[in-house]
1. Inside segment 287-376, counting only strands (runs of 3 or more DSSP E) that do not spill past its ends, which hold 1 or more residues that are in the same structural domain as Ala263 (by TED's automatic domain parsing) and without any contact (Cβ under 8 Å) to a residue 60 or more places away in the chain?
2. At pLDDT 95 or above and touching a strand residue (DSSP E or B) at 6+ places or on another chain (Cβ under 6 Å) - does that describe any residue in segment 86-105?
3. Step by step: first the residues of segment 296-351, then only those that are among the polar types (S, T, N, Q) and surrounded by fewer than 18 Cβ atoms within 10 Å (Cβ to Cβ), then the one that is farthest from Arg386 (Cα to Cα). Which residue is that?
4. Suppose the filter is closer than 27 Å to Ala349 by Cβ and within 13 Å of ligand 1 (Cβ to nearest atom); does Gly281 pass it?
5. Scan segment 44-53 and tell me whether some residue there is in contact with a Lys or Arg (Cβ under 6 Å, 6 or more places away or on another chain), within 13 Å of ligand 1 (Cβ to nearest atom) and outside the structural domain of Ser274 (by TED's automatic domain parsing).
6. Please report, ordered by residue number, the helices (runs of 4 or more DSSP H) entirely within segment 115-205 with at least 2 residues that are over 30 Å from Leu340 (Cα atoms).
7. Among the listed residues Arg441, Arg454, which satisfies the condition of being part of a helix (DSSP H, G or I), farther than 28 Å from His132 by Cα and either of a type outside the set (Ser, Thr, Tyr) or modelled with pLDDT of 95 or more (or both)?
8. Quickly run through segment 46-104 and pick out the residues that are assigned to a loop (DSSP other than H, G, I, E, B), among the acidic types (Asp, Glu) and without any contact (Cβ under 8 Å) to a residue 24 or more places away in the chain.
Amino acid sequence: MAAMTGCITFLLNGEPRQLPAETPPGMTLLDWLRGPGGLTGTKEGCAEGDCGACTVVLEEAGGHRVPVNACLALLGQMHGRAIRTVEGLAGPDGPHPIQRAMAEGDATQCGFCTPGIVMSAWAQAREGGAAHEALAGNLCRCTGYRPILDVFAGLVDDGSPSPALPDVSGATFAAPGQVFHRPATLAEALALRAAHPQALLLAGGTDLGLLVSEHRQQPAAILGLSGVAELQALSTAPERLVVGAGVTYGRLLKALEEVPELASLAGLLRRLGSRQIRGMGTLGGNLGTASPIGDALPPLLALGAEVVLGSARAGERRLPVAGFLTGYRQTVLAPDELILRIVIPRPPADAIFVCEKLSKRHDQDISTVSAAFLLRVAEGTVTEARLAFGGMAATAARAASAEAALTGAALGEESFSRAAEALAQDFAPLADWRGSAEYRRQGAAGLLQRLYWRVARPDLALEVQA
Ligand SMILES: Cc1cc2nc3c(=O)[nH]c(=O)nc-3n(C[C@H](O)[C@H](O)[C@H](O)COP(=O)(O)OP(=O)(O)OC[C@H]3O[C@@H](n4cnc5c(N)ncnc54)[C@H](O)[C@@H]3O)c2cc1C
Ligand code: FES
Ligand code: FES
């Protein structure tokens, strides 16, 4: 096992920084920046990944700029990264053009959100995409978004090159009361998992980072996976996608641009959290959390995806996602196992594949009910129906009765209404503050009926997660 005890090293605004050995590796990047780092431009609003006041940018290989929430990122995860904060934008001639545009365009008032918005804008200037998507993770309470959107409409990439990333290998960071293992290879990671089954397993940290940022816990041992090269692999073949458990949603979305039959999945993922959350969050983490409202789970179920697990003890095993999820936030994962990758079959050419998400807000919101449907129709008859729902039971699951009601039925409104009624045999949803049981029942039935209209009347152009 490699993992030498070392110091956290990263580039900060282009300058190499090596943190003193006693620095707690589980401290948030935000706390470090605003404390020992002495950079108070990055703000703390919510400390839970929602407001974007803490947005900084990771400068990645290939010149990519990835905005992330510094309130969720732990220092140990930043080893080997290049971080740009708002202090790193100004040049010898004064503020960066984006900062000038914000000030001169009346796009800032109290200014608390502004550094985060400037950093999202700096990333957007290079990466492009819809402005509303780039801003979905930044909350401004006083200016109003019109002048901010005007600034986004005029963004120009400043062309600044990304610095070369520090060359780092596997390391363990130990501070009083806390140890953070950061393996660089799968073999190291599996050996560490076997040796430390109680350590907090951390991928992007967009679920687990909340323990530290919001709940102020300090885990004694953390096993951070973001440096494991094998978990970052992503390949697209004619029949399937193979997505390493550590691939971020941001990277997955780029790959999905080349997979038109999964456009609806891309639309759904663009509504998962914000760009900042998608810059760190992973598919492996969504499976590991096994939340009944994990957005990636219904599509994986409907597509018949498989998950590959691995351990130093028993090697690899591969099982359907449905078999991986065993109960509310429970999975078959053994204490010494890791999720290695997810194998996602591409839908057949004649299949209709649609993802849906019902939430109180369009962006940056958790689902109340979500769904993914794979439908095949031949000569006016439904020949295959895979109907998966989230938020309807303790785990995301397929609706066996509704599927049976639809399979072999004529492609007609009545068939879909009967399938919607059959959902009552599949699910007895719970009520919580996101929605009553009745809301969930009606919402799920409505999504199924909308599927009919999507198929029968494509001319209606019903919005799919645009
Ligand atoms: C502001 C905000 C908005 C969000 N919005 C959404 C949303 O719209 N939809 C949604 O579904 N989720 C949302 N989330 C939750 C979260 O972003 C996702 O669940 C994400 O996929 C978690 O991935 P991660 O890599 O950050 O996981 P982590 O937090 O690192 O880990 C999550 C869990 O998975 C386990 N795990 C991670 N990797 C592995 C592995 N390789 N092997 C075994 N176990 C592993 C961890 O041990 C942990 O139990 C949101 C979170 C925040 C903070
Ligand atoms: S402080 Fe609000 S997202 Fe980080
Ligand atoms: S300017 Fe005050 S919160 Fe945006």
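The values are calculated or read from the model by the stated rules, or taken from the named source; none is laboratory data. Here the structure is a predicted model, which means the values were calculated and not measured. Every residue, glycine as well, gets a Cβ built from its backbone with ideal geometry; the counts of neighbours run over all protein chains shown.
1. Once the strands (runs of 3 or more DSSP E) in segment 287-376 are filtered for at least 1 residues that are in the same structural domain as Ala263 (by TED's automatic domain parsing) and without any contact (Cβ under 8 Å) to a residue 60 or more places away in the chain, what remains is 306-311, 315-320.
2. no
3. Per the criteria, the residue is Gln330.
4. Working: closer than 27 Å to Ala349 by Cβ: no; within 13 Å of ligand 1 (Cβ to nearest atom): yes.
No.
5. yes
6. Passing ranges, in order: 131-135, 145-153.
7. Arg441
8. Matches in segment 46-104: Asp93 only.
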